[in-house]
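Asks: Provided herewith is a single structure, encoded as structure tokens, for subsequent inquiry.
The values are calculated or read from the model by the stated rules, or taken from the named source; none is laboratory data. It should be emphasised that the depicted structure is a prediction, and the values quoted were computed from it without experimental measurement. No Cβ is skipped: glycine too gets one built from the backbone with ideal geometry, and neighbour counts run over all protein chains shown. Keep in mind that these areas ignore ligands, DNA and RNA; they rest on the heavy atoms of the full protein, side chains included. Shrake-Rupley method; radii C 1.70, N 1.55, O 1.52, S 1.80 Å.
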Amino acid sequence: MSITVNGLDELKKLAGSELGAGEWIEVTQERIDTFADATGDHQWIHVDPEKAAEGPFGAPIAHGYLTLSLFIPLFTELLDVQGVTTKVNYGLNKVRFPSPVKVGSRIRLVAELTEVQEVPGGVQITVDGTIEIEGGAKPAAVLQSLSRFYA
């Protein structure tokens with residue numbers, strides 16, 4: 001379920017709010033291979049299903065940075081900010097990958113908008129996010145993301 005806000009004033013009112021959980025998406029071998037091609041990271045634990053099946057995880061796993069890159073589409077499913085001219089990914093304060101994402105797993109984002117700060121021309125938000133693995137004991141990623149929205 002997406003929360004929609006119109007403008008910076010409405011966004012400021014969300015500080016400290018749980019944004020909830022998004023929909024599950026499947027991490028396919030095709031997605032992993034495409035990411036490997038885009039980044040040049042063709043390590044066998046990602047792209048060689050036969051060898052990976054015999055490796056430490058029992059299957060190919062997604063790149064940690066692939067999982068991290070999915071934060072933006074997963075986040076925009078939770079929060080839609082309208083009435084602004086520009087939306088910018090400003091960076092990360094921290095990120096950890098507690099558990100690998102095996103091919104065929106489904107993941108989703110659970111997030112909280114923890115802080116909204118004024119910056120020249122707009123606001124900066126801090127979001128605490130957990131990318132969960134369906135049925136997993138540990139999350140795929142735990143992160144704190146910074147984004148800026150300009151009027």
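Asks: Which length gain, in nm to one decimal place, applies between Asp33 and Gln124 when the Cα-Cα distance is subtracted from 0.36 nm times their residue separation?
Replies: 29.4 nm
Asks: With every protein chain in place, what's the accessible area of Val84 (1.4 Å probe, Å², nearest 10)?
Replies: About 30 Å², rounded to the nearest 10.
Asks: Here is a further query. Hey, what's the Cα Rg ratio for region 110-151 versus the globular rule of thumb, 2.2 N^0.38 Å?
Replies: Taking N as the residue count of region 110-151, the ratio is 1.47.
Asks: Taking the mean number of other Cβ atoms within 10 Å as a proxy for protection, how do you rank 53-59, 141-147, 72-78 from highest to lowest?
Replies: 141-147, 72-78, 53-59
Asks: Please calculate the 1.4 Å probe accessible area of Lys102, with all protein chains present, and give it to the nearest 10 Å².
Replies: Counting only protein heavy atoms, the figure is 90 Å².
Asks: A further question follows. Report the full-extension gain for the segment Lys51 to Thr114: residue separation times 0.36 nm, less the Cα-Cα distance, to one decimal in nm.
Replies: Here the segment from Lys51 to Thr114 would lengthen by 18.5 nm.
Asks: Using a simple spin-label model with points 7 Å from Cα along the Cα→Cβ vector, what separation in nm is obtained for Gln43 and Lys94?
Replies: Once both label points are built, they end up 2.3 nm from each other.
Asks: Rounded to the nearest 0.05, what FRET efficiency do Gln144 and Lys13 have when you use their Cβ-Cβ distance and R0 = 30 Å?
Replies: 0.90
Asks: Moving on. How big is D for the chain, in µm² s⁻¹ as a whole number, if Stokes-Einstein is applied with the Kirkwood radius of its Cα pairs at 20 °C and 1.002 mPa s?
Replies: Answer from the Stokes-Einstein relation: 131 µm²/s.
Asks: Determine the calculated [θ] at 222 nm for the chain from helices alone, applying -39500 (n - 2.57) to every DSSP H run no shorter than 4 residues and normalising by the residue count; nearest 500 deg cm²/dmol. If you can, show how the numbers build up before the last one.
Replies: Numbers: 6 runs with 39 residues, N = 151.
Using -39500 (n - 2.57) per qualifying helix, the result is -6000 deg cm²/dmol.
Asks: Still on this structure, I have one more. If you place +1 on the Cβ of every Lys and Arg and -1 on the Cβ of every Asp and Glu, how big does the dipole about the Cα centre of region 1-111 come out, in debye to the nearest 20?
Replies: Result for region 1-111 is approximately 440 debye, rounded to the nearest 20.
Asks: For Cα pairs less than 8 Å apart in space and 6+ apart in sequence, what is the mean separation divided by the residue count of region 44-151, i.e. the relative contact order in percent?
Replies: Working: 202 pairs, mean separation 30.5, N = 108.
28 percent.
Asks: Across the chain, how many lysine pairs, 8 or more apart or on two chains, come within less than 26 Å at their alpha-carbon atoms?
Replies: Lysine pairs, 8 or more places apart or on different chains, close enough: 9.
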